[in-house]
Ligand code: GDP
Ligand code: MG
């Protein structure tokens, strides 16, 4: 059951896990969503970082617990722990670095091994503000998402474009999965 019970202050707690190659902007997306801040200097995530934000979906109050995973190989052995109870996976690549898009398949394989079959997976093409350095088109991301039945969105953790949408927009789908007993 991914909709963890929540006493008093909210109706549900949803665990959101952010994954993807190092440097794609996972920590910046989490920080932009929770604190409306953009951090220009790359700060390497060691192990895992944890953020929270409370949102409203219709009449429901939802606490999002956001797990920001290190992409470092050293920590892959505890990947199973990160994925357990996850209601939503945000799989991020960098639209200016093609290899991060190529690696999305590898991340998906790990998801399928460890996460619940009904977890909502959102493919996120981040850094869409860097239009002059873009190497992965919107259409490529969208096509991949259609083929693998993922949600798709492009974001910028720098300008905050679509950041709320990536988290809040998906929570209605997660809520429906929880309410219908699929998670
Ligand atoms: P992580 O390793 O995936 O957690 O990546 P970080 O969140 O630490 O970001 C890596 C680098 O990319 C940092 O220098 C950020 O400032 C930069 N960055 C992250 N998101 C964006 C974005 O949307 N636009 C731009 N221009 N830079 C970004
Ligand atoms: Mg990080």
Filter segment 117-133 for residues that are touching a residue at least 12 places away in the same chain (Cβ under 8 Å) and more than 12 Å from residue 101 (Cα to Cα) and give the result.
118, 119, 120, 121, 122, 127, 128, 129, 130, 133
Consider only pairs whose beta carbons are under 6 Å apart and that are at least six residues apart or on different chains; among these, list those whose first residue lies in segment 141-162 and is under 19 Å from residue 96 (Cβ atoms) and in contact (Cβ under 8 Å) with a residue 60 or more places away in the chain and whose second residue is part of a helix (DSSP H, G or I) and within 16 Å of ligand 1 (Cβ to nearest atom).
155/163; 155/166; 157/28; 157/29; 157/32; 160/32
As an exercise: evaluate residue 94 against (1) more than 19 Å from residue 66 (Cα to Cα); (2) in contact (Cβ under 8 Å) with a residue 60 or more places away in the chain; (3) out of contact with any helix residue (DSSP H, G or I) (no Cβ under 6 Å at 6 or more places or on another chain); (4) surrounded by 17 or more Cβ atoms within 10 Å (Cβ to Cβ) and give the number of the one condition it does not meet.
(3)
Quick check: anything in segment 123-139 more than 16 Å from ligand 1 (Cβ to nearest atom), within 15 Å of residue 91 (Cβ to Cβ), out of contact with any strand residue (DSSP E or B) (no Cβ under 9 Å at 6 or more places or on another chain) and in a helix (DSSP H, G or I)?
no
Return the residues of segment 26-68 that are more than 16 Å from ligand 1 (Cβ to nearest atom) and in a strand (DSSP E or B); say none if nothing qualifies.
52, 53, 54, 55, 56, 57, 60, 61, 62, 63, 64, 65
Within segment 140-183, which residues are part of a helix (DSSP H, G or I), within 16 Å of ligand 1 (Cβ to nearest atom) and closer than 17 Å to residue 121 by Cβ?
141, 165, 166, 167
Do you know which residues across segment 104-133 are surrounded by 14 or more Cβ atoms within 10 Å (Cβ to Cβ), out of contact with any helix residue (DSSP H, G or I) (no Cβ under 9 Å at 6 or more places or on another chain) and closer than 16 Å to residue 23 by Cβ?
107, 129, 130
Filter segment 38-63 down to the residues that are more than 20 Å from residue 20 (Cα to Cα) and exposed (fewer than 11 other Cβ atoms within 10 Å of the Cβ) and list them by number.
58, 59
Since residue 9 meets every condition but one in (1) modelled with pLDDT under 90; (2) surrounded by 20 or more Cβ atoms within 10 Å (Cβ to Cβ); (3) away from ligand 2 (no atom under 15 Å from the Cβ), which condition does it not meet?
(2)
Return a yes/no flag: does segment 45-57 have any residue that is within 11 Å of ligand 2 (Cβ to nearest atom) and within 16 Å of residue 86 (Cβ to Cβ).
yes
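The values are calculated or read from the model by the stated rules, or taken from the named source; none is laboratory data. These numbers come from a predicted model, not from an experiment. Note: ideal-geometry Cβ built from the backbone for every residue, glycine included; neighbour counts use all protein chains shown.
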